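The values are calculated or read from the model by the stated rules, or taken from the named source; none is laboratory data. Please read all numbers here as calculations on a predicted model, not as lab measurements. Counting neighbours? That spans all protein chains shown, and the Cβs are built from the backbone with ideal geometry, glycine included. Accessible surface areas use protein heavy atoms only, side chains included; no ligands, DNA or RNA. Shrake-Rupley method; radii C 1.70, N 1.55, O 1.52, S 1.80 Å.
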Amino acid sequence: MNRREIIKHGGIALTALAMPFPLTTFTKFYSMTDNKNFNSEELIKSLPDFTNHYAEVNGTKLHYVIGGQGQPLILIPGYPETWWAYHKVMPILAKKHRVIVVEMRGMGNSDKPIAGYEKKNMAKDIFELVKKLGFDKVNIGGHDIGAHVAFSFTVNHSETASKLIMMDTPHPDAGMYHLPMLPVLGANYLYPWWLAFNQVKELPEQLLEGRMNIVIEWLFKNLLKDQKSMNDFDKSAYASAYNSKDAIRASNAWYQSFPQDIEDSKTYEKINIPVLGIGGSGYEMLQMSLTNSTTDLQLKKIEDCGHFILAEKPNETAKLICDFLE
């Protein structure tokens, strides 16, 4: 069975991720680096045209970073990243757009409540933020889990969405129930064991508290084609954000909501605004999903690229987004 057949029979979310790997020299780097260097107040200094903000919406507090001028563009990161995932493309996009990168419920400096991680509810978080910022309509995009939320926002708040950008991961659908419990012998694909692991409550945070550098390193080693595109500082910034029990619990809750997300998806009409799908390793999954869930679709494949297109191919990704939004 080849990769496309695995995807066809095993669902569309093999790249909605969470994984781990043996310790490397990165561990030494991480242990010697002051965690305060990775907080948003320090990170934002490398992007002088952007500022940090917080907003109370839908019963929770969200952190977002904003900069640039023009039509508003909401961007949502995925697992296991934070707003920092967009730092390479933010200055490019900000030349023509008011860029707002939002750390969704459970991520980074945003609140990590016990409940509310269904993508429909997380889309409501974003909708209330959009209204609080005074925007009538926005362009919206997301990567990985962030793409799930962006898709749900577009479906459930269609009057507020102008254009949608889906990066490397489609919204969960019923095909996920057909993912194999065991690796398929001889199949050319990355076995998605983490989807089941993240369904387990309490155990992951007991195992991984203070050790998320193991997960982060494995993930980027296996899902990047260009290892140099993600440096030690970036990995440490993400590990720092996910190291606490609450952060691990909350990020796992994004996965634990998949059954409800799938049920919600069964009620969704096709999206009839312009949609751009940008795929690296997830191109085939986007193609299979978005072809059936949209009416005005552009699909773009970034060659020689893994899952983390914002890190590996920031210039190409930013150009595709800018061309689409013109």
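Here is a yes/no grid of residues against (1) in a loop (DSSP other than H, G, I, E, B); (2) more than 27 Å from T291 (Cα to Cα):
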| position | (1), (2) |
| --- | --- |
| I92 | no, yes |
| N109 | yes, yes |
| K124 | no, no |
| L129 | no, yes |
| N139 | no, no |
| V149 | no, no |
| S158 | yes, no |
| M166 | no, no |
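Scanning region 240-261 for residues that are open to solvent by 10 Å² or more (accessible area, probe 1.4 Å), among the polar types (S, T, N, Q) and in a helix (DSSP H, G or I) yields S240, Q256, Q260. D296 meets the stated requirement of being surrounded by fewer than 16 Cβ atoms within 10 Å (Cβ to Cβ), of a type outside the set (S, T, N, Q) and in contact with a strand residue (DSSP E or B) (Cβ under 7 Å, 6 or more places away or on another chain). Scanning region 183-207 for residues that are of a type in the set (A, V, I, L, M), free of Cβ contacts under 8 Å to residues at least 60 places away in the same chain and farther than 26 Å from E263 by Cβ, we see that the one that is most open to solvent (accessible area, probe 1.4 Å) is L185. Does L286 satisfy being closer than 30 Å to E316 by Cα, at pLDDT 95 or above and outside any helix (DSSP H, G or I)? So L286 fails the test.
Scanning region 53-75 for residues that are open to solvent by 40 Å² or more (accessible area, probe 1.4 Å) and in a strand (DSSP E or B) returns H53, Y54, E56, K61, Q71. You will find that of D296, D264, the residue that is in contact with a Pro (Cβ under 8 Å, 6 or more places away or on another chain), at pLDDT 95 or above and at negative phi is D296 and no other.
Among the numbered conditions (1) assigned to a helix (DSSP H, G or I); (2) under 26 Å from L290 (Cβ atoms); (3) of a type in the set (D, E, K, R), the only one that K225 does not meet is (1).
Looking across region 223-241, the residues that are under 25 Å from D304 (Cβ atoms) and over 17 Å from the mean Cα position of the chain (by Cα) come down to K225, D226, Q227, K228, S229, N231, D232, F233.
Condition check for A237 on (1) touching an Asp or Glu at 6+ places or on another chain (Cβ under 8 Å); (2) buried (at least 24 other Cβ atoms within 10 Å of the Cβ); (3) of a type in the set (G, A, S): one failure, at (1). Can you pull out the residues in region 250-280 that are touching a Gly at 6+ places or on another chain (Cβ under 9 Å) and without any contact (Cβ under 8 Å) to a residue 12 or more places away in the chain? Those that are touching a Gly at 6+ places or on another chain (Cβ under 9 Å) and without any contact (Cβ under 8 Å) to a residue 12 or more places away in the chain: none in region 250-280.
Residue pairs whose Cβ atoms lie under 9 Å apart, separated by 6 or more positions or on different chains, with the first residue in region 56-71 and among the small types (G, A, S) and the second exposed (fewer than 15 other Cβ atoms within 10 Å of the Cβ), are G67/P48; G67/D49; G67/T51; G68/D49; G68/K95; G70/K95.
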